[in-house]
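The next block holds one structure in the form of structure tokens; read it before the comments.
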Amino acid sequence: MEHVQLTAADLLLRPWRDEDAPAVRAALRDPAIAQWNPQGGDPIDDEVALLWVRRRADWSTGGHVSMAVTAATDGELLGSVSLHHIRDGDASIGYWTMPAARGRQVAVRAVVRLTDWAFTDLRLHRVELCHAVANPASCRVADRAGYAAEGTLRESYRYGDGRRYDEHLHARLATDPQITR
Ligand SMILES: CC(C)(COP(=O)(O)OP(=O)(O)OC[C@H]1O[C@@H](n2cnc3c(N)ncnc32)[C@H](O)[C@@H]1OP(=O)(O)O)[C@@H](O)C(=O)NCCC(=O)NCCS
């Protein structure tokens, strides 16, 4: 898949670059991101962060699209949004926001923009979003981004503390009403 970049008002969503690695290192060490977006494996150091951005910048398999969410004005890294498991018209979406950028609708706007692009350009039909029931901020992001709640998955995912948590499954269909943010 070819790289693209997307704009959403004052946000620029663009492919990851090597120079993002120091900010990614800090983000992945944030306790909330470490808990709800666990990376598994080795502790997050410079090398792990660099491998992370390089893996995310490689869209060649067609199985994922990963974007850095940045401020359009000065390029500051604000967060991450990505589609995974892209296959047969389906995908799942994940995200995090840097601690200093939270509460400004960064996650909601990034999720809405990437989802719209997935429906129009990738021609996907269904995108799923899962979050731990114990993570209400993420539930709010899902609701605000138009992802309808479809049910609860019991002890379905092992998060950063090693425990399995119940998750809410949300999803948006290409045929659902459009969300404006
Ligand atoms: C969840 C997360 C992505 C939200 O990012 P954000 O950019 O601050 O989100 P937004 O500003 O777009 O929207 C947040 C919404 O959640 C609400 N919210 C924030 N913390 C909350 C909490 N503890 N309980 C309930 N709602 C909460 C906000 O009020 C806002 O709702 P509003 O628009 O009605 O005011 C961010 O907190 C984060 O990165 N957390 C750690 C990692 C994580 O949880 N990733 C998602 C894994 S599924």
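Every number in this text was worked out from the coordinates using simple rules, so none of it is lab data. This structure is a prediction, so every number in the text was calculated from the model and none was measured. Cβ: placed from backbone, ideal geometry, glycine included. Neighbour counts: every protein chain shown.
Which residue out of Ala23, Ala91, Ala72 is among the aliphatic types (A, V, I, L, M) and crowded, with 21+ Cβ neighbours inside 10 Å? Write out each step before concluding.
Numbers: Ala23 fails: crowded, with 21+ Cβ neighbours inside 10 Å; Ala72 fails: crowded, with 21+ Cβ neighbours inside 10 Å.
Answer to the check: Ala91.
Could you tell me which of the residues Ala110, Ala142 is in a helix (DSSP H, G or I), near the ligand (Cβ under 10 Å from one of its atoms), without any contact (Cβ under 8 Å) to a residue 40 or more places away in the chain and surrounded by 15 or more Cβ atoms within 10 Å (Cβ to Cβ)?
Ala142
Counting only residues that are within 14 Å of the ligand (Cβ to nearest atom) and more than 16 Å from the chain's Cα centre (by Cα), how many does segment 145-166 have?
Selection size over segment 145-166: 9.
Identify the single condition in (1) within 12 Å of the chain's Cα centre (by Cα); (2) in a loop (DSSP other than H, G, I, E, B) that Pro177 does not satisfy, given that it satisfies every other one.
(1)
Just to verify a result, which residue in segment 145-169, among those that are of a type in the set (Ser, Thr, Tyr) and in a loop (DSSP other than H, G, I, E, B), is surrounded by the most Cβ atoms within 10 Å (Cβ to Cβ)?
The extreme case among them is Tyr147.
Sort through Arg54, Arg29 and tell me the only one that's surrounded by 13 or more Cβ atoms within 10 Å (Cβ to Cβ), farther than 23 Å from Phe119 by Cβ and touching an Asp or Glu at 6+ places or on another chain (Cβ under 8 Å).
Of Arg54, Arg29, the one residue that is surrounded by 13 or more Cβ atoms within 10 Å (Cβ to Cβ), farther than 23 Å from Phe119 by Cβ and touching an Asp or Glu at 6+ places or on another chain (Cβ under 8 Å) is Arg54.
Taking the condition of being surrounded by 14 or more Cβ atoms within 10 Å (Cβ to Cβ), farther than 16 Å from Ala49 by Cα and without any contact (Cβ under 8 Å) to a residue 60 or more places away in the chain, how many residues in segment 1-20 meet it?
1
With the requirement that a residue be in contact with a strand residue (DSSP E or B) (Cβ under 8 Å, 6 or more places away or on another chain) and of a type outside the set (A, V, I, L, M), what does segment 7-29 give you?
The answer is Thr7, Asp10, Arg14, Pro15, Trp16, Arg17, Asp20.
Restricting to segment 122-139, name every residue that is near the ligand (Cβ under 6 Å from one of its atoms) and either of a type in the set (Lys, Arg) or buried (at least 17 other Cβ atoms within 10 Å of the Cβ) (or both).
Across segment 122-139, the qualifying residues are His131, Asn135, Ser138.
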